[in-house]
Number of protein chains: 2
Amino acid sequence: MLTIGTLAKKTGTKVQTVRYYEQIGLMPEPGRTEGGQRRYGDAELDRLSFVRHARQLGFSLDAIRELLDLSDHPGKSCAEADAIARRQLKQVEHRLARLEALRTELKRMVHECSGGQTADCRVLEVLRDHSECLTNHEEIGG
Amino acid sequence: MLTIGTLAKKTGTKVQTVRYYEQIGLMPEPGRTEGGQRRYGDAELDRLSFVRHARQLGFSLDAIRELLDLSDHPGKSCAEADAIARRQLKQVEHRLARLEALRTELKRMVHECSGGQTADCRVLEVLRDHSECLTNHEEIGG
DNA sequence: TCTACAACTTCTAGCAGCTGTAGGTTCAAG
DNA sequence: CTTGAACCTACAGCTGCTAGAAGTTGTAGA
């Protein structure tokens, strides 16, 4: 039986985060000691590892909820899990494209800065005048 | 003189966001009509455009605050603005590297999914077992 | 067995950067 | 003068945690 601290350490999670996952129903309510402290078994360890790994791959908590549900029903079609992963892949590729455009623009800004006074700063100038950009970056980006 | 709605439309911002920027001191308190409605001039339009453009390039509101301050003092050295932009470029490049690793992993997951039952789903399997990953993705990523 | 103290407990608030809603007021066109 | 879109304030909510306060439990060493 693992304490919440041990479970957290084993999965690279903060204790508060484990409790948060329990609160939002992503982790089950675990058994407790007489004094009221949480104790976990291997099933919970596996589940939390799954969650953390999916988070590392950028899945949202909602997506993870779906994936966990699918994982809990081995007879279901794999298609749904596949769709979720594909959706995530699309998102990642979309963000990649955006970031690449941003990198280009930032590089250009930085490159053109001659190091004088802010009155002539290319960085500020580009920010002031959108028309100087080579790419469109309409969406909020990060 | 522009209403807040017109200002918002011209800069691709939501009305609430403009008020939010005012609240956090990123935008100045504008003049008001007798009835209490905000009215903006060209200076505010320029400033908001600057802010939005910087947001699109992924700068944080704090970074933007600094950039605005530099922009307001044309005699200052350009070095600070340059440093902020370089910092931002570094962040973008870091995120790019992460996302590229994620894309690789997601592609592999999706590619290997044969479309059967969830019991044999590669997507879920990979999530369950981190050791199947080719890359390390320790940080939270997206 | 006692003591010390790390680790646990709940509760609440805060972070970024907005976004949405409720309930009311103002402005401008017809 | 009426209508109704757009404005006003104030505050709650979003994601995914994270930090702090104030108090309790578990366990190792003396």
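The values are calculated or read from the model by the stated rules, or taken from the named source; none is laboratory data. From a predicted model like this one, the values you see are computed outputs, not experimental measurements. Neighbour counts are summed over all protein chains in view; Cβ atoms, including those assigned to glycine, are modelled from backbone coordinates with ideal geometry. Side chains are part of the model used for accessible areas, which takes the heavy atoms of the whole protein and leaves out ligands, DNA and RNA. Shrake-Rupley method; radii C 1.70, N 1.55, O 1.52, S 1.80 Å.
A few notes on this one:
- Gyration tensor verdict on segment B:28-108 (Cα atoms; rounded if a/c is under 1.5, prolate if a/b is larger than b/c, oblate otherwise): oblate
- Point-charge dipole on Cβ atoms (K/R +1, D/E -1) for segment A:4-60, about Cα centre, debye to 20: 240 debye
- Solitary cysteines of the protein assembly as shown, where the nearest other Cys Cβ is not under 4.7 Å: A:113, A:133, B:113, B:133
- Using R0 = 45 Å, the C-beta based FRET efficiency linking residue B:93 and residue B:32 works out to 0.50.
- Nonlocal amide H pairs with residue A:27, under 5 Å, H built at 1.01 Å: A:22
- For segment A:11-104, the list of trypsin sites (Lys or Arg not before Pro) that fall in a loop by DSSP and count at most 13 other C-beta atoms within 10 angstrom reads A:14.
- Positive minus negative residues near residue A:122 (Lys, Arg vs Asp, Glu; Cβ under 13 Å): -3
- Residues whose placed amide H lies under 5 Å from that of residue A:117, excluding near-sequence neighbours: B:78
- Per residue, in Å², the accessible surface of segment B:4-71 once ligands and nucleic acids are set aside, probe 1.4 Å: 51 Å²
- Computed from the Cβ-Cβ distance with R0 of 22 Å, the FRET efficiency linking residue B:1 to residue B:61 stands at 0.25.
- Dipole magnitude of chain B, debye to nearest 20 (Cβ charges: Lys/Arg +1, Asp/Glu -1, about Cα centre): 540 debye
- J(HN,Hα) series, segment B:52-62, from Karplus relation 6.51 cos²θ - 1.76 cosθ + 1.60, nearest Hz, glycine and proline x: 5, 4, 5, 4, 4, 8, x, 5, 6, 4, 5
- Pairwise alpha-carbon distances in the protein assembly as shown exceed 27 Å for 56% of all pairs.
- Area buried, chain B against chain A - accessible surface, total, 1.4 angstrom probe, square angstrom: 5100 Å²
- Pairwise Cα distances in segment B:1-60 exceed 14 Å in 52 percent of cases.
- Backbone phi angles across segment A:94-109, fed through the Karplus curve with coefficients 6.51, -1.76 and 1.60 (θ = phi - 60°), yield HN-Hα couplings of 5, 5, 4, 4, 4, 5, 5, 5, 5, 4, 3, 5, 5, 4, 5, 4 Hz in residue order; Gly and Pro are listed as x.
- In order through segment A:38-45: 3J(HN,Hα) via Karplus (6.51 cos²θ - 1.76 cosθ + 1.60), integer Hz, x for Gly, Pro: 5, 10, 10, x, 5, 4, 5, 4
- Label separation (residue A:112 vs residue A:77): 5.2 nm, computed from points 7 Å beyond Cα along the C-beta direction.
- Solvent-accessible area assigned to carbon and sulfur over segment B:1-67 amounts to 45 percent, based on a 1.4 Å probe.
- Inter-chain shielding of A:40-53 (mean C-beta neighbours from other protein chains, 10 Å cut-off): 2
- MRE, 222 nm, helices only [DSSP H, n ≥ 4, -39500 (n - 2.57), over chain B, to nearest 500]: -19000 deg cm²/dmol
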